[in-house]
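Read the structure below first, then the notes.
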Amino acid sequence: MNLNHFNFPALVLLLLAVACSSGPKKTVEKEDAIKLYTEKYRPQFHFSPDSAWMNDPNGMVYYDGEYHLFYQYYPDSTVWGPMHWGHAISTDLVHWQNMPIALYPDSLGYIFSGSAVVDWNNSSGFGSGENPPLVAFYTYHDPVIVEAGGVDVESQAIAYSLDKGRSWTKYKGNPVIPNDGNRDFRDPNVIWNEDIQKWNLLLSANDHVQIYTSDDLKNWKYESDFGIDAGTHDGVWECPDLFPLQVEGSDEIKWVLIVNINPGGPNGGSGTQYFTGDFDGHQFTADSKETKWVDWGRDNYAGVTWSDVPKEDGRRIFLGWMSNWDYASVVPTERWRSAMTLPRTLSLTKKNNQYVLKSATVKEMELIFDKSSEISLDEALIISGVKELDIQGLTLNQSHLSAEFETGETLPESFGITLENELGENVTLSYSVTAHQFQFDRTKSGDMSFSDKFSGIAFAPYKIGWTVKLEMFVDAASVELFVDGGELVMTEIFFNSQAFSKLQVFANGGHVSLTKAKFVNINSIF
Ligand code: FRU
């Protein structure tokens, strides 16, 4: 969110008025839960809060068999307000158990985004060798300073848990990093750096990222910054993350720096850029100053990765907020607002001498594939014009679709896939051979009346080869598209008034072969 352009005090007053007029806080009755989770637009296999407003994922950490997901949460309304950290736990990254709110705002301010780590050696002294503390890092955003027109609005703070993330104690010495004069100064992300045997903390400060080191998680030394002359600068930099990845098929290690930006995303509003480079624990040096995008869709923001996934597992797992600040507050869901993306395993590959960050959904997703519903193609189909596929038994609105196209020598002008309902509402993914880009069209997707920034076509430049593999997860009101094993990703939401039931493939101005296709229903996680 671009807080500089945000009329914050006015919003707070508005929220208070809304909260007061709507009476006491609503709570979800257990017996209502099933009903609520099947309400219109409710994702069936993505994490969404059972009620109220959610934005960024926070404090993602794995400990003792549990993946913790904290998130920016305002429990009293379906629009953004005084931020808390909501909390959910999963043992498989697929099914989530809602937990009580972990961090409440206090006299130092709202609890903005951040991260969490396991302090294995108890360097902070908050726990013990036998019971290492979980330490969370967050930004205090002080509404009193905002009201007074000050700039030192944001500072960094810590809290710890000694009971596997169930309860949290805020550190008495907060803030641990006071404001440095940047009004946008937030979203601390902490990693243990093996190479220098120190902790690193990354912070976004308006138009750059700052890097700090520490031995004890409480005292931080500023080291360097990155980004004033790199990347995109059409908005504020937010929610950074930094981690090493081994380049596929080699021993080479590269560091990946993720920096979210809003606005200035590749298709308007929020977006997630990344850089690859080298990091010596003190300074990040990028291979190229050019921005690359983690996701070309309009609905993957503030994504960062899980800390402390065991070495034996070895994965770097990413999760983003499946919305966009351009319209997040007005999307037509009634009881809750927004969901997270599916968790994705990140990998790094080298293509045409460039490092490319790939995303693939975690393998655990297959736990909820309803194998009995699987439909696959018997023989290749030549597609010329529009062909509706026979998908009897498939619940298209809650499915996994994979398809492989072969383009041959006589390329068409474009080809792709359309998901449509009986009312003619649809979303279309197409590849334009002439423009060398994928296009996701949601201009006829259903309800778009809530914002004039919502409709439109998202573009993603990409050069396909002789064959191209497409994979889509469709869940009620979203599609996540992965091209060629995740070399290109697009995440898009929409609000179709009736479930999609027809699946069409098409080729304009020529033909393509659909050589492989497999479709399967995905079970609800509720
Ligand atoms: C990103 C963001 C963060 C901030 C949080 C506030 O979406 O603006 O920079 O910490 O949301 O809710």
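The values are calculated or read from the model by the stated rules, or taken from the named source; none is laboratory data. In this text, all values refer to a predicted model and were calculated from it rather than measured experimentally. Heads up, the Cβs are rebuilt from the backbone with ideal geometry, glycines too, and the neighbour counts pull from every protein chain shown. Just the protein is used for accessible areas: all its heavy atoms, side chains included, with ligands, DNA and RNA removed. Shrake-Rupley method; radii C 1.70, N 1.55, O 1.52, S 1.80 Å.
Are any of the residues in the range 209-220 within 16 Å of the ligand (Cβ to nearest atom) and either modelled with pLDDT under 95 or open to solvent by less than 40 Å² (accessible area, probe 1.4 Å) (or both)? Scanning the range 209-220 turns up at least one residue that is within 16 Å of the ligand (Cβ to nearest atom) and either modelled with pLDDT under 95 or open to solvent by less than 40 Å² (accessible area, probe 1.4 Å) (or both).
Return the residue satisfying two criteria in turn: it lies in the range 234-252 and is within 16 Å of residue 192 (Cα to Cα) and surrounded by fewer than 22 Cβ atoms within 10 Å (Cβ to Cβ), and of such residues it is nearest to the ligand (Cβ to nearest atom).
Ranking the candidates gives 243 first.
The residue that is surrounded by the fewest Cβ atoms within 10 Å (Cβ to Cβ), counting only those in the range 263-304 that are closer than 30 Å to residue 197 by Cα and within 16 Å of the ligand (Cβ to nearest atom), is 273. Residue 225 fails exactly one of the following numbered conditions: (1) open to solvent by less than 70 Å² (accessible area, probe 1.4 Å); (2) in contact (Cβ under 8 Å) with a residue 24 or more places away in the chain; (3) more than 15 Å from the ligand (Cβ to nearest atom). What is the number of that condition? Single failed check for residue 225: (2). State whether one or more residues within the range 253-261 are closer than 17 Å to residue 296 by Cβ, open to solvent by 10 Å² or more (accessible area, probe 1.4 Å) and away from the ligand (no atom under 11 Å from the Cβ). There is no residue in the range 253-261 that is closer than 17 Å to residue 296 by Cβ, open to solvent by 10 Å² or more (accessible area, probe 1.4 Å) and away from the ligand (no atom under 11 Å from the Cβ).
Exactly one residue out of 407, 349, 345, 428 is of a type outside the set (Phe, Trp, Tyr), at pLDDT below 95 and within 20 Å of residue 490 (Cβ to Cβ), and it is 407. If you go through the range 74-107 and pick out every residue that is touching a Pro at 6+ places or on another chain (Cβ under 7 Å) and hydrophobic (A, V, I, L, M, F, W, C), you end up with 3. Condition (residue is under 22 Å from residue 366 (Cβ atoms) and either at pLDDT 95 or above or assigned to a loop (DSSP other than H, G, I, E, B) (or both)) applied to the range 102-114: is it met by at least one residue? For the range 102-114, residues under 22 Å from residue 366 (Cβ atoms) and either at pLDDT 95 or above or assigned to a loop (DSSP other than H, G, I, E, B) (or both): absent. Quick one: in the range 182-203, which of the residues that are among the polar types (S, T, N, Q) and closer than 24 Å to residue 253 by Cβ is farthest from the ligand (Cβ to nearest atom)? That would be 197. Note on the range 104-115: among residues that are under 22 Å from residue 204 (Cα atoms) and surrounded by fewer than 21 Cβ atoms within 10 Å (Cβ to Cβ), the one that is nearest to the chain's Cα centre (by Cα) is 105.
Matching residues to (1) of a type in the set (Gly, Ala, Ser); (2) under 20 Å from the mean Cα position of the chain (by Cα); (3) surrounded by 16 or more Cβ atoms within 10 Å (Cβ to Cβ):
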residue	(1), (2), (3)
438	no, no, yes
456	yes, no, no
463	no, no, no
476	yes, yes, yes
485	yes, yes, no
500	no, no, yes
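Restricting 368, 375 to residues that are touching a Phe, Trp or Tyr at 6+ places or on another chain (Cβ under 7 Å), under 30 Å from residue 313 (Cβ atoms) and modelled with pLDDT of 95 or more narrows the list to 368.
Assess whether residue 422 counts as being in contact (Cβ under 8 Å) with a residue 12 or more places away in the chain and in a strand (DSSP E or B). Taking the combined requirement at face value, the residue does not satisfy it. Within the range 307-321, does at least one residue satisfy the condition of being assigned to a loop (DSSP other than H, G, I, E, B), open to solvent by less than 20 Å² (accessible area, probe 1.4 Å) and either aliphatic (A, V, I, L, M) or more than 30 Å from residue 363 (Cα to Cα) (or both)? So far as the range 307-321 goes, no, none of its residues is assigned to a loop (DSSP other than H, G, I, E, B), open to solvent by less than 20 Å² (accessible area, probe 1.4 Å) and either aliphatic (A, V, I, L, M) or more than 30 Å from residue 363 (Cα to Cα) (or both).
Please work out if residue 509 is closer than 19 Å to residue 415 by Cβ, of a type in the set (Gly, Ala, Ser) and touching a residue at least 24 places away in the same chain (Cβ under 8 Å). Against the criterion (closer than 19 Å to residue 415 by Cβ, of a type in the set (Gly, Ala, Ser) and touching a residue at least 24 places away in the same chain (Cβ under 8 Å)), residue 509 qualifies.
Being within 23 Å of the chain's Cα centre (by Cα) and within 18 Å of residue 56 (Cβ to Cβ) is a condition met by at least one residue of the range 207-223.
How about the range 133-184: which of its residues are in a loop (DSSP other than H, G, I, E, B) and of a type in the set (A, V, I, L, M, F, W, C)? Answer for the range 133-184, where residues must be in a loop (DSSP other than H, G, I, E, B) and of a type in the set (A, V, I, L, M, F, W, C): 148, 151, 153, 162, 168, 176.
Looking only at residues in the range 487-498 that are polar (S, T, N, Q) and surrounded by fewer than 22 Cβ atoms within 10 Å (Cβ to Cβ), the one that is nearest to residue 457 (Cα to Cα) is 497.
Inspect all residues belonging to the range 332-340 and state whether any of them is open to solvent by 10 Å² or more (accessible area, probe 1.4 Å), in a loop (DSSP other than H, G, I, E, B) and farther than 26 Å from residue 50 by Cα. The answer is no, given that none of the residues of the range 332-340 is open to solvent by 10 Å² or more (accessible area, probe 1.4 Å), in a loop (DSSP other than H, G, I, E, B) and farther than 26 Å from residue 50 by Cα.
Among the residues of the range 72-90, none qualifies, meaning not one is touching a Ser or Thr at 6+ places or on another chain (Cβ under 9 Å), outside any loop (DSSP other than H, G, I, E, B), more than 18 Å from residue 526 (Cβ to Cβ) and of a type in the set (Gly, Ala, Ser).
Within the range 69-103, the set of residues being closer than 19 Å to residue 327 by Cα and open to solvent by 40 Å² or more (accessible area, probe 1.4 Å) comprises 79 only.
Can you name every residue in the range 446-494 that is assigned to a loop (DSSP other than H, G, I, E, B) and in contact with an Asp or Glu (Cβ under 6 Å, 6 or more places away or on another chain)? Residues satisfying the conditions are 446, 453.
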